[in-house]
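Worksheet for the structure shown next.
The values are calculated or read from the model by the stated rules, or taken from the named source; none is laboratory data. Please read these numbers as outputs of a predicted model, since none were measured by experiment. For neighbour counting, all protein chains shown are included, and Cβ atoms are generated from backbone atoms with ideal geometry for every residue, glycine included.
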Amino acid sequence: MSKQKIIIDPITRIEGHLRIEVEIDENNVVTEAWASGQLFRGIETILKGRDPRDSGLIAQRICGVCTNVHYRASISAVEAAYGIEIPHNAEIIRNLVTLSLFVQDHIVHYYHLHSLDFVDITGALSADCNKAAKDAASWCEHPYRNSDGHLEAIKEKLEGFVKAGRLGLFANGYWGHATYRFTPEENLVHMNHYLEALRIQRELSKAVAIFAGKTPHPQNLVVGGVTSVADMLNPQRLNDFLFIIKETRDFIERAYIPDMVMLVNAYRDSIKAGEGRAVGNFMCCGGYRFGKDQQLFSSGVIKAHNFESIEPFDSSKITEEASRSWYENDAPLSPYEGDTTPFYTDLNDDGSLKTEGKYTWVKAPRYDGNVMEVGPLARMIVGYSKNSPIIRPYMERFMKRSGMELIDFSTTVGRNAARAVEAQICCDYLFDTMSDLIENIKYYDEDTWTKYVFEELPHEAKGAGIFEVPRGVLGHFVRIEEGKIANYQAVVPTTWNASPKGAKEGRGAYEESLIGIQLADPSAPLEVLRAVHSFDPCLACAVHVIDATGRELAQYKIS
Ligand code: NFE
Ligand code: MG
């Protein structure tokens, strides 16, 4: 029998423009998949010829979600090139901001961008609030704002949306889909936390802004350090920050983690069947120093789910190629030599991707020639497998509570569980990071900036800023010639995970995660959305080139 093609374009509730095409057989099982970045931007090229000290403010425009990490990676790449070491206070303040962003990103991702793939909002309307309050207490001893009275008010609010016919941002779900598993009460508890999470993420933005000036697009970093000295020395501001983190910790313990246990329980058969499993190659660069030289995240590379064998991470093994991407230069290149000259080959006449040729703006990054998955799942698996004294206890606690094994995390639902555990870890370690800051200030170390004389810095240099950021490993690579930026490349988490096929056999992580998934209803491909959303895609990050000739770049078909 002939195969059928399903095109989803755009995938919504993500940042940027992603198209997914899948081929299904007569049993509605996905046999092939193509992930295509349809967004076209220009940041790497814009940076060429600039003063290296300006790169951070421009590079942070790569994304409107994870702005501070591009800012930081860019500034750090320039510092590495010049051999400038920043003061300990500056590193701590940078970490306070980045780790707060991790927590905010993860909460927003699960509740606002992804949970409605699991939560049938219409199902919540028939919930018995009394029973829902009792159920919530079965998932958590002290559930987060789940009294029957509060749940009654939430239900009324949802009914109000429906009765008024103004579903707004809830209008376009696959409501009633056969694979929604939650009971009406579980749907209601989740929706309650969806609304609470809106407030929590706003509070976290305030926490970030205490040290970063504002968010998104913070302003507190300069080559050599940070400008946040006034906030660092103001006890009221430190207290405001800690108060928000404490409130967030409460939400994670009493809502996010219990909801994740509920999710695992409802989708246990899908987890055991390995639904959404990708290549099993995981890459982490590690980082975030605290205390006495401890690292929050471990570094390492695991291949084919072989958790016993962890290679050291070596950034010089990273290349990007473009044999299936819309660029002229197909060859695998080191990011210092990376090339982003566009070569757009369009779609087929029927509006589908040219799946035999070039089909995406996303390049294909490879580690030692291998496709990699990056992100919270990679970090939790590598940390656990390396017996990290930080990660392993949190993972073990979640595994005991949910009945999951390590391999189970490498699935659609497991990726979410790993992200929730990571949010918990980051939140807890924000307190330790703040203690480091207070300890430093106590001993009269108030330095926040390393002085340098620009004219005395080398005119030729190269360096990289490589960090774990919410969606995985982020690398900014800068080459400086005659005191100006000669080449600039960002190799971004979503570029890794949304990678297309390359010259060699093999699919990118999104593509691989879709193979073998059976769709209940091909006209409502919710299972595809679930798998892709579980990576937390950000296509704005993944593509940063510009077409200087200004020709038409893409046509969009929404299906
Ligand atoms: Ni635009 Fe980002 C993160 C970076 S993405 S969100 O996290 O870097 O892939
Ligand atoms: Mg790039």
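Scanning region 401-414 for any residue that is touching a Cys at 6+ places or on another chain (Cβ under 8 Å) and away from ligand 1 (no atom under 16 Å from the Cβ) turns up nothing. For LEU430, the criteria (1) away from ligand 1 (no atom under 16 Å from the Cβ); (2) over 20 Å from the mean Cα position of the chain (by Cα); (3) farther than 17 Å from GLY276 by Cβ; (4) touching a residue at least 24 places away in the same chain (Cβ under 8 Å) hold in every case but one, which is (2). Restricted to strands (runs of 3 or more DSSP E) entirely inside region 275-382, those with at least 1 residues that are charged (D, E, K, R) and touching a Ser or Thr at 6+ places or on another chain (Cβ under 6 Å) are 364-367. Contact map, region 447-475: residues that are of a type in the set (S, T, N, Q) paired with residues that are surrounded by 14 or more Cβ atoms within 10 Å (Cβ to Cβ) and assigned to a strand (DSSP E or B), Cβ distance under 7 Å, separation 6+ or inter-chain. Pairs shown: THR448/GLY225; THR448/VAL226; THR450/GLY225. Contact map, region 1-14: first residue under 21 Å from ALA540 (Cβ atoms) and at pLDDT 85 or above, second residue part of a strand (DSSP E or B) and not hydrophobic (A, V, I, L, M, F, W, C), Cβ cut-off under 9 Å, separation 6 or more or different chains; pairs are ILE8/ARG19; ILE8/GLU21; ASP9/ARG19; ASP9/GLU21; ASP9/SER36; PRO10/ARG19; ILE11/ARG19.
Look through region 390-418, keep the residues that are more than 16 Å from ARG277 (Cβ to Cβ) and in contact (Cβ under 8 Å) with a residue 60 or more places away in the chain, and return whichever of them is nearest to the chain's Cα centre (by Cα). Lay out the reasoning, then the answer.
Taking region 390-418 first, the residues more than 16 Å from ARG277 (Cβ to Cβ) are 390-403.
Next, from what is left, pick out any that are in contact (Cβ under 8 Å) with a residue 60 or more places away in the chain: 390-391, 398, 401-403.
Values: ILE390: 21, ILE391: 18, PHE398: 21, ARG401: 25, SER402: 23, GLY403: 25 Å.
The qualifying residue nearest to the chain's Cα centre (by Cα) is ILE391.
Apart from one condition, VAL119 fits all of (1) assigned to a helix (DSSP H, G or I); (2) of a type outside the set (Ser, Thr, Tyr); (3) touching a His at 6+ places or on another chain (Cβ under 9 Å); (4) under 28 Å from VAL528 (Cα atoms); the exception is (1). The residue that is modelled with the lowest pLDDT, among those in region 229-241 that are within 21 Å of CYS426 (Cα to Cα) and surrounded by 18 or more Cβ atoms within 10 Å (Cβ to Cβ), is MET232. In this structure, does ALA520 turn out to be assigned to a loop (DSSP other than H, G, I, E, B) and at pLDDT 95 or above? Yes.
For (1) within 20 Å of ALA490 (Cα to Cα); (2) surrounded by fewer than 23 Cβ atoms within 10 Å (Cβ to Cβ), each residue gets a yes or a no:
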residue: ILE302; (1), (2): no, no
residue: PHE313; (1), (2): yes, yes
residue: PRO332; (1), (2): yes, yes
residue: TYR336; (1), (2): yes, yes
residue: ASP346; (1), (2): no, yes
residue: THR360; (1), (2): yes, no
residue: TYR367; (1), (2): yes, yes
residue: GLY375; (1), (2): yes, no
residue: ASN387; (1), (2): no, yes
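Strands (runs of 3 or more DSSP E) fully within region 1-107 that include at least 1 residues being more than 18 Å from the chain's Cα centre (by Cα), more than 30 Å from ILE441 (Cβ to Cβ) and of a type in the set (Gly, Ala, Ser): 30-37. What pairs can you find where one residue is in region 59-83 and over 20 Å from ALA209 (Cα atoms), the other is more than 7 Å from ligand 1 (Cβ to nearest atom) and polar (S, T, N, Q), and their Cβ atoms are less than 6 Å apart, with a gap of 6+ or different chains? Pairs found: VAL78/SER55.
In the set GLY403, GLY375, only one residue is farther than 30 Å from LYS501 by Cβ and of a type in the set (Gly, Ala, Ser); that residue is GLY403.
Of all residues in region 492-511, those that are crowded, with 24+ Cβ neighbours inside 10 Å and either touching a His at 6+ places or on another chain (Cβ under 6 Å) or not small (Gly, Ala, Ser) (or both) total 9.
For region 155-188, give me each residue that is out of contact with any His (no Cβ under 8 Å at 6 or more places or on another chain), in contact (Cβ under 8 Å) with a residue 24 or more places away in the chain and among the aromatic types (Phe, Trp, Tyr). Scanning region 155-188 gives PHE170, TYR174, TRP175, TYR180. Can you tell me which residues in region 37-56 are at pLDDT below 95 and not β-branched (Val, Ile, Thr)? Of everything in region 37-56, those that are at pLDDT below 95 and not β-branched (Val, Ile, Thr) turn out to be GLY37, GLN38, LEU39, PHE40, ARG41, GLY42, GLU44, LEU47, LYS48.
The rows are residues; the columns are (1) within 14 Å of ligand 2 (Cβ to nearest atom); (2) at pLDDT 95 or above; (3) part of a strand (DSSP E or B).
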| site | (1), (2), (3) |
| --- | --- |
| ALA464 | yes, yes, yes |
| GLU468 | no, yes, yes |
| VAL478 | yes, yes, yes |
| ILE485 | no, yes, yes |
| GLY502 | no, no, no |
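Looking only at residues in region 242-279 that are aromatic (Phe, Trp, Tyr) and either on the phi > 0 side of the Ramachandran plot or crowded, with 20+ Cβ neighbours inside 10 Å (or both), the one that is farthest from the chain's Cα centre (by Cα) is TYR267. Taken over region 390-407, the criterion of being closer than 18 Å to MET262 by Cβ and among the aliphatic types (A, V, I, L, M) is satisfied by MET399, MET404.
Criterion applied to ALA81, ALA33, ALA73, ALA90 was being of a type outside the set (Phe, Trp, Tyr), within 16 Å of ligand 2 (Cβ to nearest atom) and on the phi < 0 side of the Ramachandran plot, and the one residue passing it is ALA73.
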